[in-house]
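The values are calculated or read from the model by the stated rules, or taken from the named source; none is laboratory data. If you're wondering where the values come from, they're calculated on a predicted model, not measured in any experiment. Every residue, glycine among them, receives a Cβ derived from its backbone with ideal geometry; neighbour counts consider all protein chains shown.
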Amino acid sequence: CLARLDKTRFICHQTEIDKEEAALFLSRHIAEAVKYAMSLIRGEDGLQRQIELANKIILLLKKELHSEQFEDDLVEKPGQILKAVFSRLDNHYTDLDDYLKEITPYTRLSHSELFTGGNLGLSLESELKKEILSSDRIDLLVSFIKWKGIVILKREFEEFIKRGGQLRVITTTYMGAGDAKAIDFLANLQNTQVKVSYNTHQERLHAKAYLFFRKSGFHTGYIGSSNFSRTALTDGLEWNVKITTKEVGHLIDKFQKTFESYWQNPEFEAYLSEKHQEKLRDALKEAKAPSYLSDAAAFFDLQPKHHQTMILETLHVERQLHQRYRNLIVAATGTGKTVISAFDFKNIRKTLPQAKLLYVAHRKEILMQALAMFRGILRNNNFGELWVDGFIPTQNEALFASVQTLNSQLAQIALSASYFDYIIIDEVHHIAAKSYRPVLDYFQPKILLGLTATPERMDGENILDDFCGRIAAEIRLPEALNSKLLCPFHYFGITDSVDLSQAAWRNGRYIPGELFNIYTANDLRVRDIILNLEKYLKDPHDVRALGFCVNIEHARY
């Protein structure tokens, strides 16, 4: 074909075949030629003629190389494919054909395949079950293992171990995504070794790979995006490539060598359920906890969304046009109150580069999230200090402090009333409480910004007095839902038989002790709630739920 190529239009670049690779390239070339030749042999006797041609080629190899071993490669007529070899001593299967169907992958042991999560009639879950049942040894390399993923393949793993299969597993505690129960299950299987990386601060292993060894040499492997979870193994849009020794043996070899290098790496520690349970659970818990002080956000140039930009512009008008510097923002939960405050402070620093900030909230978690958000928006991982729960500031340039800490330690650091240029009060509806008054009454910042989703208090206290008597900007829940800023929610009201008309009332609220007695006196009410949960939910055990109770005793009840 190269001889027929127009040399005036094309340039052919050729190189000599490397001696070490000659067998590979020439055998591929011959295989394609033989495959094409076989396709030309048709007719009723086509199969027999193809077998005859194959045997002639094999006999030619025998003659040329003077090797008797090629005799074993001759194909016997009428031509059959060997599917399996069973020991007569261990043959306890009543129907070998049915058993072969159960353990033989639909994609066979010699053909590669791509699984995309949408293969019609081709399920990664069903293939893995068959791969497990037909293997003699398995190596698993996955970032995390979920119990729901184990449940899917639990029977197959147990059957695999029962007939003497050997299993090795490498996994991690990355992101706390794995389930200790799943890892314990595997570790407690016979002939099974599990190794775990407890490095929760770096994503050292992101591979998802499964290698199935067989004494026959028909090894198979799966490499792709599926971790060991129910969704990844069933209906998730995950991409995984199946590779086989017969088609890409060099990839299987590389897979095996790489796995062995990981297995010998001291970062992956042997896991024994009875000895390392506590260590594993602690590592998963630590990794799952949100790292609010992570430096990841500093790599992104964050920008306010449209509704946040509108509020920022309103704040600018309030201050520059109306000279109102005590501003209240009302924004539905989830619309980004903290983001707005961070961008507002960023804008203020354009005219006041050295502006000192005080961010006040009543919970440590709120402060940690706020600090992380400010660092991300300001693109400065060294910005700000926590002043809560044992954290002691040293610079006092940008403090994220709890109201409790301010009240108890403010006198010790002796800051002047005008020290902070910009003060933010998060969850500002709490300022009616006595704990907030000392902070608000003492400090006199250039700008005071209040953030809340619920300015209206049940006790009738008015928080607007601290903010020029008005709400500077707002986006309420209905508007946020209509603007598709938040997910819509559905609610169901059920009849409550409890009568609170006789319950005692004190300081604008019911007495918790009396409510506890009322709500725990009638088990029928609890039964009615459970029945309604079963009525409206697909499975009450498969949802995350939040229950509001009178007190701790009521919650335990």
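Would you mind stating whether A453 is within 30 Å of I529 (Cβ to Cβ), modelled with pLDDT of 90 or more and assigned by the TED database to the domain that holds L371? Yes; evaluated as a whole, the condition is true for this residue. Every condition in (1) assigned to a helix (DSSP H, G or I); (2) touching a Phe, Trp or Tyr at 6+ places or on another chain (Cβ under 7 Å) is met by Q69 except one, and the failing one is (2). Residues of segment 1-48 that are part of a loop (DSSP other than H, G, I, E, B), surrounded by 10 or more Cβ atoms within 10 Å (Cβ to Cβ) and aliphatic (A, V, I, L, M): L5, I17, I41. Among the residues examined, S416 qualifies as outside any helix (DSSP H, G or I) and among the small types (G, A, S). Restricting attention to segment 322-346, the residues being loosely packed, with under 14 Cβ neighbours inside 10 Å and at pLDDT 95 or above number 2. Considering only residues that are in a loop (DSSP other than H, G, I, E, B) and over 30 Å from G164 (Cβ atoms), look in segment 109-119 and name the one that is modelled with the lowest pLDDT. Here the answer is N119. The condition of being of a type in the set (A, V, I, L, M, F, W, C) and part of a strand (DSSP E or B) holds for only one of L358, L406, that being L358. Residues that are among the basic types (K, R) and either in contact (Cβ under 8 Å) with a residue 60 or more places away in the chain or surrounded by fewer than 19 Cβ atoms within 10 Å (Cβ to Cβ) (or both) within segment 126-181 comprise R137, K146, K148, K154, R155, K162, R163, R168, K181, listed in sequence order. Of all residue pairs spaced 6 or more apart or on separate chains, those with beta-carbon atoms under 6 Å, a first member in segment 464-489 that is assigned by the TED database to the domain that holds V330 and in contact (Cβ under 8 Å) with a residue 12 or more places away in the chain and a second member that is buried (at least 16 other Cβ atoms within 10 Å of the Cβ) and charged (D, E, K, R) are F467/R326; C468/R324; C468/R326; A472/E318. The residue pairs whose first member lies in segment 318-335 and is over 30 Å from C487 (Cβ atoms), whose second member is among the small types (G, A, S), and whose beta carbons are closer than 6 Å, counting only pairs six or more residues apart or on different chains, are E318/A472. If you go through segment 170-180 and keep only what is polar (S, T, N, Q) and either under 18 Å from R230 (Cβ atoms) or not in a strand (DSSP E or B) (or both), you end up with T171, T173.
Specify the residue that is surrounded by the most Cβ atoms within 10 Å (Cβ to Cβ); the eligible residues are those in segment 503-544 that are closer than 30 Å to K148 by Cα and in contact with a helix residue (DSSP H, G or I) (Cβ under 8 Å, 6 or more places away or on another chain). Within segment 503-544, the match that is surrounded by the most Cβ atoms within 10 Å (Cβ to Cβ) is L533. Consider T338 carefully, then state whether it is without any contact (Cβ under 8 Å) to a residue 40 or more places away in the chain and outside any loop (DSSP other than H, G, I, E, B). Spelling it out, it is not the case that T338 is without any contact (Cβ under 8 Å) to a residue 40 or more places away in the chain and outside any loop (DSSP other than H, G, I, E, B). Selection within segment 502-557: residues that are assigned to a helix (DSSP H, G or I) and of a type in the set (F, W, Y). The member of this set that is nearest to the chain's Cα centre (by Cα) is Y536.
Filtering segment 410-434 to residues that are without any contact (Cβ under 8 Å) to a residue 60 or more places away in the chain and under 41 Å from the mean Cα position of the chain (by Cα) leaves H429, I431, A432, A433. Confirm whether D184 is in a helix (DSSP H, G or I), among the charged types (D, E, K, R) and either surrounded by 17 or more Cβ atoms within 10 Å (Cβ to Cβ) or at pLDDT 95 or above (or both). Here the answer is yes, as D184 does meet what is asked. Of the candidates R375, R379, the single residue that is under 27 Å from H429 (Cβ atoms) and under 31 Å from the mean Cα position of the chain (by Cα) is R375. Here T495 meets the list (1) within 30 Å of P478 (Cβ to Cβ); (2) out of contact with any strand residue (DSSP E or B) (no Cβ under 9 Å at 6 or more places or on another chain); (3) without any contact (Cβ under 8 Å) to a residue 40 or more places away in the chain; (4) surrounded by 11 or more Cβ atoms within 10 Å (Cβ to Cβ) almost entirely, failing just condition (4). Check whether at least one residue in segment 250-264 is assigned by the TED database to the domain that holds I138, closer than 21 Å to L128 by Cα and small (G, A, S), and report yes or no. Taking every residue of segment 250-264 in turn, none turns out to be assigned by the TED database to the domain that holds I138, closer than 21 Å to L128 by Cα and small (G, A, S). Provide a single number: the residues in segment 381-408 that are more than 22 Å from S435 (Cα to Cα) and surrounded by 22 or more Cβ atoms within 10 Å (Cβ to Cβ). The number of residues fulfilling the criteria is 1. Checking each residue in segment 73-108 for being over 19 Å from V34 (Cβ atoms) and either of a type in the set (G, A, S) or part of a helix (DSSP H, G or I) (or both) picks out A84, S87, L96, D97, D98, Y99, L100, K101, E102, I103.
Residues of segment 447-492 that are crowded, with 19+ Cβ neighbours inside 10 Å and assigned to a strand (DSSP E or B): I447, L448, L449, G450, L451, T452, A473, I475. Taking segment 136-169, which residues are assigned to a strand (DSSP E or B) and among the charged types (D, E, K, R)? Within segment 136-169, R137, D139, R168 meet the criteria. Considering D344, D301, D389, the condition of being in contact (Cβ under 8 Å) with a residue 12 or more places away in the chain and not assigned by the TED database to the domain that holds H430 is satisfied by D301 alone.
Annotation: C468 fulfils all but one of (1) closer than 30 Å to I329 by Cα; (2) at pLDDT below 85; the unmet one is (2).
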